[in-house]
Amino acid sequence: MQTILEKCNNSGAIAAAADILRRGGLVAFPTETVYGLGGDALDPSASARIYAAKGRPSDNPLIVHIAEKKDVWELAEEVPATAEMLMEAFWPGPLTIILKKKPIVPDATTGGLNTVAIRMPSHPAAMEMIRQSGVYVAAPSANRSGRPSPTTAEHVAEDLTGEIDMILDGGPVGIGIESTIVDLTEEVPMILRPGFITREMLEAIVGEVRLDPTLITLEETTQGRETEPDSKLQHPKAPGMRYTHYAPHGTLSIVTDTANPGEVTPAVTGKILELTKEALAEGHVTAVLTTGENGSAYDALMETPGFHRIELGDTDDGQTVASHLYGALRTCDDLKCDVIYSENFRRDELGSAIMNRLIKAAGHRVISV
Ligand code: TXA
Ligand code: MG
């Protein structure tokens, strides 16, 4: 299949994308979080094509993207007051809500669940494309299954060229990690996947919000407790959260200082230096994930062949880290790194979403000093 690549602002690009969606085809498009791979959410064969293009297990449900809040009532059987309050506060934007689905939403889109995930993205090209298509757009992140989510059109092209009809290029995305998912089908709203919209932001609107218990276990792995392999964890409620996502090909480990979780102390950089030297001595291509502030801690290694320092942004600005994280994991693959050590990041605001993704990418390998 020939994949058309077009800039969003080329005249006719969005109309062409909308047309492809209406005819059952697949279009990758930018959102404010990551690039999505869209198809008609009510057409089971379009959903099947999405799974095939991504190489994704078909029991992992898709998020349905809409262009207007009122569309929620077309897709969901019940819209609780909490949903209306959150839609009002955060839509359009990086929040996905889970509601009981109406029969028109096919099992092929929800992975057989009786609930549906719905999100109204704020990216202007995404909104315009959905609006012009006249369909609801099922869209997972536009990566091959298991690869980091794409934050540029080039990432999408690497993974999906030849598998989909079109890629709309809107440049690098703003946020860089996927939307917050909150389940509204039970009494108390529950976060299934952390993101840009934090628990505190949700609680300011609807009162108590819980975290999926499996996320709490994840948190504990960087607070100095024993790390548990994935298989021992309880099942997360969002099926996609149980896959080893985002993983680079090399072995990624996170180094954390038990006494100062979230801080990159000299103990952390010292341990990373020591481990990196060992790995290099064994002939491994080795990368360190750090920030602009801490990067100089690894100056001594810069001349060593096979060493790569990758800076994710600024320690004090989680947004800069989030927007570079997936690109950095892809860079590790491009550089053919066998071994990767990462600093840990603060748990404030976006920090818990960043650490959630990083710990998963590391397959829960956390080294405490
Ligand atoms: O920011 C985002 O949400 C991006 C952009 C493209 O919108 N999309 C995205 O989709 O991250 P995806 O498919 O990569 O992740 C969707 C997650 C998966 O973990 C899936 O299991 C979960 O949402 N999910 C979808 N429907 C669900 C449902 N009905 N109940 C529980 N979890 C659901
Ligand atoms: Mg994904």
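The values are calculated or read from the model by the stated rules, or taken from the named source; none is laboratory data. These numbers come from a predicted model, not from an experiment. Don't worry about glycine lacking a Cβ; one is built from the backbone with ideal geometry, like all the others, and counts go over all protein chains shown. Protein only, heavy atoms only, side chains kept; ligands, DNA and RNA dropped before computing areas. Shrake-Rupley method; radii C 1.70, N 1.55, O 1.52, S 1.80 Å.
Overview of results
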| item | result |
| --- | --- |
| Residue tally, condition away from ligand 2 (no atom under 16 Å from the Cβ) and under 23 Å from F196 (Cα atoms), over the range 96-111 | 2 |
| Candidates G318, G262, G313, filtered to the one that is open to solvent by less than 20 Å² (accessible area, probe 1.4 Å) and under 30 Å from G171 (Cα atoms) | G313 |
| Where T269 falls short, out of the listed (1) in a loop (DSSP other than H, G, I, E, B); (2) at pLDDT 95 or above | (1) |
| Residue identified as surrounded by 15 or more Cβ atoms within 10 Å (Cβ to Cβ), over 22 Å from the mean Cα position of the chain (by Cα), at negative phi and outside any loop (DSSP other than H, G, I, E, B) among V105, V72 | V72 |
| Filter result for the condition that a residue is assigned to a helix (DSSP H, G or I), under 24 Å from P148 (Cβ atoms) and open to solvent by less than 40 Å² (accessible area, probe 1.4 Å), over A46, A53 | A53 |
| Any pair with Cβ under 9 angstrom, 6 or more apart, that starts in the range 167-181 at a residue that is within 24 Å of Q2 (Cα to Cα) and ends at one that is among the basic types (K, R) and surrounded by fewer than 24 Cβ atoms within 10 Å (Cβ to Cβ) | L168/K7; D169/K7; G170/K7; G171/K7 |
| Residues being under 29 Å from E74 (Cβ atoms), charged (D, E, K, R) and within 12 Å of ligand 1 (Cβ to nearest atom) - total across the range 137-185 | 2 |
| Residue within the range 112-125 that is closer than 20 Å to S45 by Cβ, open to solvent by 10 Å² or more (accessible area, probe 1.4 Å) and more than 13 Å from ligand 2 (Cβ to nearest atom) present | yes |
| Top-ranked residue of the range 142-192 - restricted to ones that are outside any loop (DSSP other than H, G, I, E, B) and touching a Gly at 6+ places or on another chain (Cβ under 8 Å), ranked as nearest to E349 (Cα to Cα) | T180 |
| Residue list for the range 29-43, restricted to those being over 18 Å from the mean Cα position of the chain (by Cα) and in a strand (DSSP E or B) | G39, D40 |
| Search result, residues across the range 263-295 that are out of contact with any strand residue (DSSP E or B) (no Cβ under 6 Å at 6 or more places or on another chain) and over 22 Å from M355 (Cα atoms) | E274, K277, E278, A281, E282, G283, V285 |
| Residue in the range 229-236 that is modelled with pLDDT under 95, aliphatic (A, V, I, L, M) and in a loop (DSSP other than H, G, I, E, B) present | yes |
| Sole exception among (1) open to solvent by 40 Å² or more (accessible area, probe 1.4 Å); (2) touching a helix residue (DSSP H, G or I) at 6+ places or on another chain (Cβ under 8 Å); (3) more than 30 Å from Q319 (Cα to Cα) for A41, by number | (1) |
| Single residue of the range 321-342 satisfying the filter (buried (at least 23 other Cβ atoms within 10 Å of the Cβ) and in a strand (DSSP E or B)) that is nearest to the chain's Cα centre (by Cα) | S342 |
| Residues within the range 343-359 that are in a loop (DSSP other than H, G, I, E, B) and open to solvent by 10 Å² or more (accessible area, probe 1.4 Å), tallied | 6 |
| Scan of the range 285-310 for residues that are crowded, with 19+ Cβ neighbours inside 10 Å and of a type in the set (A, V, I, L, M), ordered by number | A287, V288, L289, A297, I310 |
| P61 part of a loop (DSSP other than H, G, I, E, B) and without any contact (Cβ under 8 Å) to a residue 40 or more places away in the chain | no |
| Residue list for the range 360-369, filter: in a loop (DSSP other than H, G, I, E, B) and of a type in the set (K, R) | R365 |
| Residue in the range 137-186 that is most open to solvent (accessible area, probe 1.4 Å), counting only those that are in contact with a helix residue (DSSP H, G or I) (Cβ under 8 Å, 6 or more places away or on another chain), within 13 Å of ligand 2 (Cβ to nearest atom) and among the polar types (S, T, N, Q) | S145 |
| Restricting the range 187-228 to residues that are closer than 22 Å to A81 by Cβ and open to solvent by 80 Å² or more (accessible area, probe 1.4 Å), the residue that is modelled with the lowest pLDDT | E187 |
